[in-house]
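Here is the structure we will look at.
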Amino acid sequence: GVYACSGEDHWIALSVENDEQWQQLYALMVADGMAASLAGVDCENLAARTELHSLIDLALDQWFASKNVNDIEARLLDHGIPAEELVDGYGVMPNRQLEYRGFYETLTHPVTGNTRYPTEPVKYSRFDKIFADLLPPLLGQHNQEILVGELGLGEAEMKELREKQIIGERPAFM
């Protein structure tokens, strides 16, 4: 499931895939004094946990609500329990798994300088860095090439598009 942690808008995704992981999770909850609602309840196998999913979910909701998302994520992972903080695009870096897999690469952009960019999400053993030198295009960088070269617009049409701010090389507010 996905559970709210302490603080504003901090969430963690948790997956218990087998009985051993459940035992580890339950032990962590007991150590924190948060397993009282599950005391005496048979949760030792998948069938029992599936039947009691709502009760377990409620206990996990209460337990995670008092936890710092980064601290609890580290504890869960250290105990072999698959867990990950949910983040938006701004919170993706740093990420241990993405760093380990070499997901980001620093390229020199003509405007932003040395900037980290995401690479392909998959790695191929036969290919090294498929898109390594492809930088994001600048605004309007390919206007001439596409509109004139490929679509056949004339210079008068290009001038009109620029004047009407339909195309441009920089944001209209600048």
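Things worth noting here:
- In the context of the full set of protein chains, the stretch 1-70 has a per residue accessible area of 57 Å² (1.4 Å probe).
- Counting protein heavy atoms only, the stretch 1-143 has 54 percent of its accessible area on carbon and sulfur, 1.4 angstrom probe.
- Read-out semi-axes √(5λ) of the Cα gyration tensor in Å, derived from the coordinates shown; its label in (i) 28, 18, 17; (ii) 52, 19, 15; (iii) 37, 16, 14: (ii)
- The stretch 16-75: projected area of the alpha-carbon convex hull, averaged over directions, in nm²: 3.9
- Amide H to amide H, with H built 1.01 Å from N, Tyr117 comes under 5 Å of Glu105, Thr106, Leu107, counting only residues 5 or more places away or on other chains.
- Other-chain or far-sequence residues with amide H under 5 Å of Trp11's (modelled H): Cys5, Leu86
- Accessible area of His53 in the full protein assembly, 1.4 Å probe (Å², nearest 10): 100
- Separation between Cα centres of the stretch 139-160 and the stretch 37-80, rounded to whole Å: 59
- Accessible area (Å², 1.4 Å probe, nearest 10) - Phe127: 130
- Ranked by the mean number of other Cβ atoms within 10 Å of their residues, highest first, the peptides 82-88, 120-126 fall in the order 82-88, 120-126.
- Inter-label distance for Arg126 and Gln97, nm, one decimal - labels placed 7 Å from Cα along Cα-to-Cβ: 2.8
The values are calculated or read from the model by the stated rules, or taken from the named source; none is laboratory data. The shown structure was predicted, so the numbers you read here are calculated from the model rather than taken from an experiment. Positions of Cβ are backbone-derived with ideal geometry, glycine not excepted, and every protein chain shown enters the neighbour counts. Heavy atoms of the whole protein, side chains included, go into the accessibility calculation; ligands, DNA and RNA do not. Shrake-Rupley method; radii C 1.70, N 1.55, O 1.52, S 1.80 Å.
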